[in-house]
1. Looking only at region 136-184, count every residue that is farther than 16 Å from T114 by Cα and in a loop (DSSP other than H, G, I, E, B) and tell me the total.
2. Considering region 159-173 alone, what residues qualify as being without any contact (Cβ under 8 Å) to a residue 40 or more places away in the chain and surrounded by 13 or more Cβ atoms within 10 Å (Cβ to Cβ)?
Amino acid sequence: MSTTPGGMQYPGFPEPPPAIQTKKSSRGRIVAIAAMVVALVAAVAVGRASATRSAGQPVAAPATVTSMAPPGTVTATTTATATVTAAPTTITAPPVSVTTTVTVTEAAAGPSTTIKDGINLVGVDVQPGTYRSENGDCYWARLSGTSGSLNDIISNSNGATVVTIDPSDRAFESRRCAPWTQVS
């Protein structure tokens, strides 16, 4: 009588044989151990090639690889020892180049010796001194302040003229004048 996975029984059918239990092969473990040994030998070879010790100083690089497995399987232990003697190495540093940047700032230009139309501050925009304008339709004023008050006017005039700006003047106003030129 045969029984299905669902528990039903069928008369006349033989029982299936029991599942065969296979013994796991230790071949995979042996291959893994062999791969570790090859990796170890490769690591020692790379270490030897890149060693940077002084000449005549041997370097011992012992290494032990142990693989533990459950009882009844193969256990392998491999020990590899390598002595590396490196050739002397001379390192020459490249020449060092130093670049220095120097920034030169020009001295600020002082007050001008010519006067443009508008309000010019004495000592900042224009130097004290005597100036001449050749335009006949010119208005100018020496100012003691820049508030815009009539009290700020020290002196003023219209037409072509020569004017002396004192160091005590605060500002000089010029409208519709040809550029002023310093004469003294």
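1. Looking only at that region, the number is 12.
2. Matches in region 159-173: A160, T161, V163, T164.
Per-residue answers, yes or no, for (1) of a type in the set (S, T, Y); (2) assigned to a loop (DSSP other than H, G, I, E, B); (3) more than 30 Å from I165 (Cα to Cα); (4) modelled with pLDDT under 75:
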position	(1), (2), (3), (4)
R29	no, no, yes, no
A35	no, no, yes, no
V46	no, no, yes, no
S54	yes, yes, yes, yes
A61	no, no, yes, yes
T92	yes, yes, yes, no
E106	no, yes, no, yes
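The values are calculated or read from the model by the stated rules, or taken from the named source; none is laboratory data. Quick caveat: nothing in here was measured; it's all calculated off a predicted structure. Using ideal geometry, Cβ is built from the backbone for each residue, glycine included, and neighbour counts are taken over all protein chains shown.
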